[in-house]
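Below is one structure, written out as structure tokens; comments come after it.
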Amino acid sequence: MSQERTEIEEQYKWRVEDIYATSDEWESDLEELRLLMGKIPSMKGHIADSADSLHAFMEISNEIDKKGNQLATYAHLLVDQDLRDTDNQERQKRLELVFVDYSQATSFVDPELSLVSDERLMELERDERLKEYHMTFDAIRKQRAHVLSDKEEEVLSKTSILGDVPSDTYDILTDAEMPWPTMKLSDGKEVRLDHAEFVKQRESSVREDRQESFNKFWDTYKSFEGTIGELMAGHIREDLFSTVVRNFGSTLESRLYYKDIPLDVYDSLVKNINASLPTFHRYLSLRKRILGVEQLEYWDLYAPVVKDIDLKYTYQEAQSLILEAVKPLGEEYSKVIRRAFDERWIDVMPNEGKASGAYSTGGAYDIHPYILTNFNGSLNSVSTLIHELGHTMHSYLSNKNQKYHNSHYMIFVAEVASTLNECLLDELMLQKLEKREEKISLLMNILDGYKGTLFRQTQFAEFEREMHAIAQRKEPITGKKLSSLYIDILKKYYGHEKDVCHVDDKIAIEWAFIPHFYRSFYVYQYSTSFVASHALVNNILSGDKESIDRYLTFLSSGGIDYPIALLQKAGVDMLQSTPFENVIRHMNELMDKIESLLKE
């Protein structure tokens, strides 16, 4: 059972007072935000009258966005450290309502800017003060076909608050109110099977405990299949509504359009991963062989593959490993990570009511990024921590080197730094471990990363694409239908019909466990980033200083260019098949090493 937050030492809690020392300071800044927001409506009809007026609009809009993100970050952190605290939830909701009012009051902006001709935009761009807004000017050009009239935009802005209802309700249900079952372990100990405990038990070396945890956990989710299905249906309907009224051909197109990412990138990923399922099935068969089981079950996929090899680390040991792993990226990179540890940028331990999973946020531009994790001492939790520190470094360097309006990197590249950090940790651990059994365990752990990031996230991406296609065809969406769709895709990926891995039908509800589906078409970027990261890390570990410099420049670039172009400058072309082919080849090389070790 998780501890109460009051029982956890301060060194393991993030220091939210770095943003606001007291809630009164937050309230004061909220009032300042309202005053700033009140200045925008008076600019209606005159935004692009001159370079002076456009620059003034850009500057005040950025200040509003920056202050709003800082206020939101503080509120969000307090909510996530204990989702049972209704005062923190109320603070967050109040801020959301302020932005809804602001959105309605400024709904004229996009239509007004969309009417500015290309010739006029080119003239304005020549002003020295506006040259740094080149991405904003490009966005204005892109949105012309998808911006509505003033009145229509005003109506849409008034409905924006409804879009968050499904995800907010889902978070409260699954993180704070779902009645978790208790489970008696094989050693007689009784545990409460919440998210954190489930993640721990699915990694247990005791097969009976893994099976029982899966049965009880998914039975709990199954009992809410209808409710969560309706929440997901609401989210997708809202997405589809926005897609249709903004004249996009599909929800996927609407998500990729402004990032300048071709639809083929998404579809090619799904196609290429499906073509590589034999390689994935080779990995699953290898796991079955090492575990020594007659039938590989879905609930065997997180188990340690070598008996009596259960690598555990204290939080302090995890810090040392991480600092050693990132040495190839230079002292300045390491110095910032030390600050994250020492200055309490990280909320480390699980506690009752705390949000599950892990994330990093750089929303407090003038302060520093924050990390939420639920550290349990496993090698996987060390990998999670270094993963989130990759996000933190990307945010920190972008915020430090770019002005606010250019600091936001797009989601497509958001997972590159995190995945590359994991690769560095893997390389370090391969050097450190000497025993045959430990090497096999680590190599399988690395392959588990391929499973979890490259194949599993693409599986999610395929499910998400088909889920939205159901709505596009105007068919009803229910929890039962989503479970049926999910289990079919799951069984295909895991070779159920080929007796590679048995997937029990009760796992069909697993889709309801994935919060990222409430951020439409996000998960595929884990896979594309995984491919890009492996291409980058090979150059970095070769000691090529230019590759390291290019990579650090990439992390410092924020959103000054589109993601495909930024990766090309860093040395990876995601429009070509080479990076994908290389990562599959490397996966097979890892399996070759394991098979050689098994013969010793």
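FYI, it's all coordinate maths here, none of it is from the lab. All values derive from a computational prediction rather than experimental measurement. Methodologically, a virtual Cβ is constructed for each residue, glycine included, from the backbone with ideal geometry; neighbour enumeration extends over all protein chains shown.
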Among (i) 102, 51, 51; (ii) 76, 53, 50; (iii) 94, 57, 51, the entry that matches Cα extents along the principal axes in Å as calculated here
(ii)
Can you give the helix-only mean residue ellipticity at 222 nm for the chain, where every DSSP H stretch with n ≥ 4 adds -39500 (n - 2.57) and the sum goes over all residues, rounded to the nearest 500 deg cm²/dmol?
-19000 deg cm²/dmol
Which loop-located trypsin sites (Lys or Arg not before Pro) does the range 154-205 contain, where loop means any DSSP state but H, G, I, E or B and the Cβ has at most 12 other Cβ atoms within 10 Å?
189
Can you find, among 413, 381, 399, the residue sitting farthest towards the positive end of the charge dipole of the range 343-424, where Lys and Arg contribute +1 and Asp and Glu -1 at Cβ?
399
Sum up the charges of everything whose Cβ sits under 11 Å from the Cβ of residue 537, counting Lys and Arg as +1 and Asp and Glu as -1, but leave residue 537 out.
-3
Under the classification rounded if a/c is under 1.5, otherwise prolate if a/b is larger than b/c and oblate if not, where does the range 378-473 fall, given a ≥ b ≥ c as square roots of the Cα gyration tensor eigenvalues?
oblate
Can you give the FRET efficiency to the nearest 0.05 for residue 480 and residue 271, using r as the Cβ-Cβ distance and R₀ = 22 Å?
0.20
Where does the range 505-581 land on the Kirkwood hydrodynamic radius, alpha-carbon pairs, in angstrom?
14.4 Å
From the cross-link list 39/66; 403/545; 312/451; 93/222; 216/307, the entries with a Cα-Cα span beyond 18 Å are 403/545; 312/451; 93/222; 216/307
Answer in debye to the nearest 20: the dipole magnitude of the chain about its Cα centre, from +1 Lys/Arg and -1 Asp/Glu charges placed on Cβ, is 1520 debye
Based on Cβ point charges of +1 for Lys and Arg and -1 for Asp and Glu, what charge dipole magnitude is obtained for the range 440-560 about its Cα centre, in debye rounded to the nearest 20?
320 debye
Quick one: length gained pulling residue 138 to residue 593 fully straight, 0.36 nm per residue minus the C-alpha distance?
158.9 nm
Over the Cα atoms of the range 450-491, compute the convex hull volume and normalise it per residue, giving Å³.
54 Å³
Can you give the angle from 0 to 90° between the axis of helix 416-432 and the longest principal axis of the chain, with both taken from C-alpha atoms, to the nearest 10?
30 degrees
Taking every C-alpha to C-alpha distance in the range 79-236 and binning by 10 Å from 0, the per-bin percentages run 9, 22, 22, 18, 15, 10, 4, 0
I need to check one value: relative contact order of the chain, counting alpha carbon pairs closer than 8 Å and at least 6 residues apart, in percent.
18 percent
Cα long-axis angle, helix 436-449 against the chain (0 to 90 degrees, to the nearest 10)
30 degrees
When Lys and Arg each count +1 and Asp and Glu each count -1, what net charge do the other residues less than 15 Å away from residue 553, Cβ to Cβ, add up to?
-1
Relative contact order of the range 462-554, defined on C-alpha pairs under 8 angstrom at six or more residues apart (%):
20 percent
Treating the angle as unsigned and between 0 and 90°, give the value, to the nearest 10°, between the Cα long axis of helix 479-493 and the longest Cα principal axis of the chain.
60 degrees
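If Lys and Arg each add +1 and Asp and Glu each add -1, what is the summed charge of the other residues whose beta carbon sits under 10 Å from the beta carbon of residue 479?
Once all neighbours under 10 Å are counted, the net charge is +1.
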Quick check on the range 426-485: take the gyration tensor over C-alpha atoms, sort the square-rooted eigenvalues as a ≥ b ≥ c, and tell me if it's rounded (a/c under 1.5), prolate or oblate.
prolate
